[in-house]
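S.K.: Mind looking over this structure? Questions follow.
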Amino acid sequence: MEIPFKVYCINDSHRPNEIPTSKWVKVGNLYTVTNVARLNIQDGKLGFKLAEVSLQGCYPYEFYAANRFAIIADSRTLTEIELSILLREAIEEENQVKL
């Protein structure tokens, strides 16, 4: 797989206290992986750097654990996820207008 590639967040639990919520990933969102590395301080697990959020200033955290994401392997799946996200956002927006 070539970088960059898209991933879908499937696990946003157990955010370390050192990482503010503004820099944390959210289940159901798409992200673009810009770098992949082995995380030596986490027993060699894979980690991703993302285009949409950055862990800059959150040392020792520099990468998001890869197991938090599902890799999007084909364009049809990506399109379906993007449409689902747009629908979710439209419903949320409509619900806010009704309030």
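Quick note: the coordinates plus some simple rules give every number you see, no bench work behind them. These numbers come from a predicted model, not from an experiment. Reconstructed Cβ throughout: ideal geometry from the backbone, glycine too, with neighbour counts over all protein chains shown.
S.K.: How charged is the neighbourhood of Ile85? Take every other residue with its Cβ under 13 Å from the Cβ of Ile85, and add Lys/Arg as +1 and Asp/Glu as -1. Can you show the working numbers first?
M.R.: Numbers: positive: Lys6, Lys26, Arg88; negative: Glu52, Glu80, Glu82, Glu89, Glu92, Glu93.
Charge balance in the 13 Å sphere: -3.
S.K.: Follow-up. Taking θ as phi - 60°, what are the ³J(HN,Hα) couplings along region 49-61 by the Karplus curve (6.51, -1.76, 1.60), each to the nearest whole Hz, with x for Gly and Pro?
M.R.: 9, 10, 6, 7, 9, 10, 9, 4, x, 10, 3, x, 7
S.K.: Let me know the charge dipole size of the chain about its Cα centre in debye, to the nearest 20, where only the beta-carbon of Lys, Arg (+1) and Asp, Glu (-1) is charged.
M.R.: Numbers: 11 positive and 13 negative charges, 57 e Å.
That gives the chain a dipole magnitude of about 280 debye.
S.K.: Considering the dipole of the chain built from charges on the beta carbon (Lys and Arg +1, Asp and Glu -1) around the Cα centre, which of Ala73, Val25, Ser13 is farthest to its positive end?
M.R.: Of the listed residues, the answer is Ser13.
S.K.: At a Cα cut-off below 23 Å, give the lysines reachable from Lys6, other chains included and same-chain residues fewer than 8 away excluded.
M.R.: The qualifying lysines are Lys23, Lys26, Lys45, Lys49.
S.K.: Computed over the Cα atoms of region 5-72, what is the convex hull's projected area averaged over all directions, in nm²?
M.R.: Spelled out: convex hull of the Cα atoms, projected over all directions, averaged, 4.1 nm².
S.K.: Quick one: angle between helix 75-98 and the longest Cα principal axis of the chain, in degrees between 0 and 90, rounded to 10, please.
M.R.: 60 degrees
S.K.: Pulled fully out, how much extra length does the chain show between Ile85 and Ala73, if you take 0.36 nm times their separation in residues and subtract their Cα-Cα distance? Present the calculation step by step, with values, prior to reporting the outcome.
M.R.: Details: separation 12, 0.36 × 12 = 4.32 nm, distance 1.76 nm.
Taking Ile85 through Ala73 to full extension adds about 2.6 nm, to one decimal.
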